[in-house]
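Structure, as structure tokens:
The values are calculated or read from the model by the stated rules, or taken from the named source; none is laboratory data. Keep in mind it's a predicted model, so treat the numbers as computed, not measured. Reconstructed Cβ throughout: ideal geometry from the backbone, glycine too, with neighbour counts over all protein chains shown.
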Amino acid sequence: MELLPLLCLCLLTRSGITSAQQNRPAVIKVKGGTDVVLPCSLSTKENIEFKLFDWRKVAQKDDGQKKVFLYDGGSHYNNGLDGQSEEFKGRVSHFQDELKHGNASIIIRNTKVTDSGDYRCYFPHLQLPQTFTIKLVVGAASKPSVTLLDVTTFWALLQCEVNGNPKPKVELQDSDGNNLHAEVTQDSEREGSFYITLQTTVTKTGTYRCVATQEELKHQIHAETSVYISGEILPL
């Protein structure tokens, strides 16, 4: 009787990926203009050189489903197959040498904010068809750069620099999470990315945090720095 659960576990393993893994799409966040690899590999590592796998971008609210990359037994969009969506032409490729290891990952070059969305890698002709889902976020704000521009006995000048697209909301906070009054010294756009710089003067020793939030992408990132004020006047 104990052999049955073990046999079921083996069958799930040979199928490539468990349903629990399929229901938890990985999230990949990159800056616009960079290249990104969308992973898709069978855990069985079976040779897929003569198989079919199909990458699609899931339909968005205001857009239809996009054909990203199709591989069919050696034929694909980059060597003669038709049907690839226009915005992905010339920007998507696979890893030919990795197919024999079950790797159907693709690389998208020169990513754009419009590339953001859910992608599905589908193996329709396996004994148990497999679907992998990846969520791509393009334009995510970079990790803030927090620097001390000047430090005296009684105060320190703190600066935070962030860039990203969509335009991030940037806040400087104290160690208790309170937002500090800060001056915006830069708010500009270059090559499709927004650059924001904040400065504030602090008079207390502590840890200070710069937080960048992009609500449209559900993305938030922060950086911290410690400040020591030697002449800080402590409350009695």
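Points to keep in mind about this one:
- Selection status of ASP174, acidic (Asp, Glu) and either without any contact (Cβ under 8 Å) to a residue 24 or more places away in the chain or surrounded by 17 or more Cβ atoms within 10 Å (Cβ to Cβ) (or both): no
- The set of residues in the range 130-147 being surrounded by fewer than 20 Cβ atoms within 10 Å (Cβ to Cβ) and of a type in the set (Gly, Ala, Ser) consists of SER142, SER145.
- Top-ranked residue of the range 120-138 - restricted to ones that are in contact with an Asp or Glu (Cβ under 9 Å, 6 or more places away or on another chain) and not hydrophobic (A, V, I, L, M, F, W, C), ranked as farthest from LEU38 (Cα to Cα): PRO124
- Count of residues meeting criterion [of a type in the set (Val, Ile, Thr), in a strand (DSSP E or B) and surrounded by fewer than 17 Cβ atoms within 10 Å (Cβ to Cβ)] in the range 102-118: 1
For every residue, the table says whether it meets (1) surrounded by fewer than 20 Cβ atoms within 10 Å (Cβ to Cβ); (2) more than 17 Å from THR203 (Cβ to Cβ); (3) assigned by TED's automatic domain parsing to the domain that holds THR203; (4) not hydroxyl-bearing (Ser, Thr, Tyr).
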site: GLN127; (1), (2), (3), (4): yes, yes, no, yes
site: LEU149; (1), (2), (3), (4): yes, no, yes, yes
site: THR152; (1), (2), (3), (4): yes, no, yes, no
site: TRP155; (1), (2), (3), (4): yes, no, yes, yes
site: ASN165; (1), (2), (3), (4): no, yes, yes, yes
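- ALA212 without any contact (Cβ under 8 Å) to a residue 24 or more places away in the chain, touching a strand residue (DSSP E or B) at 6+ places or on another chain (Cβ under 8 Å) and of a type in the set (A, V, I, L, M): no
- Residue list for the range 77-89, filter: within 26 Å of the chain's Cα centre (by Cα) and either assigned to a strand (DSSP E or B) or under 16 Å from PHE50 (Cα atoms) (or both): TYR77
- Within the range 177-217, the set of residues being assigned to a loop (DSSP other than H, G, I, E, B) and crowded, with 17+ Cβ neighbours inside 10 Å comprises ALA182 only.
- Output for the range 127-176, where each listed residue is out of contact with any strand residue (DSSP E or B) (no Cβ under 8 Å at 6 or more places or on another chain) and modelled with pLDDT of 90 or more: THR152, THR153, PHE154, ASP176
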